[in-house]
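What follows draws every value from the coordinates through simple rules; no lab data is involved. Quick caveat: nothing in here was measured; it's all calculated off a predicted structure. Here the Cβ is made from the backbone with ideal geometry for all residues, glycine too, and neighbour counts use every protein chain on show.
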Amino acid sequence: MQSLGLVPALDLETLDDLKRVVDATCDIDEVVEYKLGMHAVLHIGLFNAVKAIREFTEKPVIYDHQKAGADMPDSAGGFVRICEQTGISGLILFPVAGPTAVREFVTHSLNAGLDPVVGGHIPVPDYAISGGGYLADDTVDRIMSLAAGLGATHFVLPANEPENIQRRSEWLLTHVIEPVLYVTGIGPLGGSITESFQAAQGIATRRAIIGRRICAADDPHAATQTLADEMNRFS
């Protein structure tokens, strides 16, 4: 059965702003999770941020450490233990520090009962070597392959690269049982719900992570409902 959903990215700096957005969006059925980001957590702390969300909803929360995994592999255990205590459901991981980092961060997350949402590419043009950046163009493919072999089923890709989404979705469908795909960079960064979800046809569970189009809106509820309507027209 197809499962499509929106994940508001709570990249907000104050507790009041976080509560305002969650309160305005938590009653929308298409909002299936929330993503906490570094800004809110640096300002108010991870435990307080999760507690604030829980004042309004029990929907799952994933944490994006911007980006966990790009660190010494032996830091994985302590990082995951702290996150586990908050009651979140998953961690966005960008283990670009190498295969050992992939193994440590993904394995510790799985052992703690947290979903490792694994990626390795952000939607900016000069990230990979082909665009003038520093990382090899096949970095994401190698990370995904190793993570899937360790048991990861949740992955995140840039929404503004539909051809890569299609290619990697086809790979997931042949290597992962019931994969879950998140796409990020909807709106200002060039991605679209329709194009990215279309490119991932075959993957039953698809999630659109959306930040500014919701959190920077004058009316987060109306903005989220508009995005939900767009997603529902696609489905």
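Quick check on packing: order 200-212, 64-76 by the mean number of other C-beta atoms within 10 Å, highest mean leading.
Top to bottom by mean Cβ count within 10 Å: 200-212, 64-76.
Which whole-Hz couplings ³J(HN,Hα) result when phi for each residue of the stretch 62-73 is put into the Karplus expression 6.51 cos²θ - 1.76 cosθ + 1.60, θ = phi - 60°, listed in order with x for Gly and Pro?
Calculated HN-Hα couplings, in order: 10, 10, 10, 7, 6, 10, 5, x, 8, 9, 4, x Hz.
Using amide H atoms built in the peptide plane, which far-off residues or other-chain residues are under 5 Å from Tyr34 H to H?
Hits under the 5 Å cutoff: Val61, Ile62.
Taking amide H positions as placed 1.01 Å from N in the peptide plane, with prolines and chain starts having none, which residues 5 or more places from Val156, or on another chain, fall under 5 Å of its amide H?
Val118, Gly119, Tyr182
Scan the stretch 58-139 for GluC sites (Glu not before Pro) in coil per DSSP, keeping those whose Cβ has at most 13 other Cβ atoms within 10 Å, and list them by number.
On the way: sites: Glu58, Glu84, Glu104; in loops: Glu58.
Passing both the DSSP loop test and the Cβ count: Glu58.
With the chain treated as a Gaussian network of Cα nodes joined by springs under 10 Å, which of Ala101, Ala49, Ala217 yields the largest mean-square fluctuation?
Sorting by GNM fluctuation, first place goes to Ala217.
How large is ³J(HN,Hα), in whole Hz, for each residue of the stretch 173-185 in order, when computed from phi with the Karplus curve 6.51 cos²θ - 1.76 cosθ + 1.60 and θ = phi - 60°, using x for Gly and Pro?
5, 9, 10, 10, 7, 6, x, 10, 10, 9, 10, 9, x
Find the relative contact order for the stretch 76-235 and round it to a whole percent, using C-alpha pairs within less than 8 Å whose residues are 6+ positions apart. Spell out each step's value before the answer.
Details: 257 pairs, mean separation 26.4, N = 160.
In percent, rounded to a whole number, it is 17.
Considering only Pro116, Tyr134, Gly151, whose Cα is most displaced toward the positive end of the charge dipole of the chain, charges sitting on Cβ of Lys, Arg (+1) and Asp, Glu (-1)?
Towards the positive end, the residue furthest out is Gly151.
Over the chain, one equal point on each Cα, no solvent: what is log10 I(q)/I(0) by the Debye formula at q = 0.08, 0.09, 0.13, 0.17 Å⁻¹?
With one equal scatterer per Cα and no solvent, log10 I(q)/I(0) is -0.27, -0.34, -0.74, -1.31.
In nm, what is the difference between 0.36 nm times the number of residues separating Asp27 and Glu163 and their Cα-Cα distance?
Numbers: separation 136, 0.36 × 136 = 48.96 nm, distance 3.36 nm.
The span from Asp27 to Glu163 would gain 45.6 nm if fully extended.
Please work out the C-alpha center-to-center distance from the stretch 39-80 to the stretch 93-132 and express it in whole Å.
16
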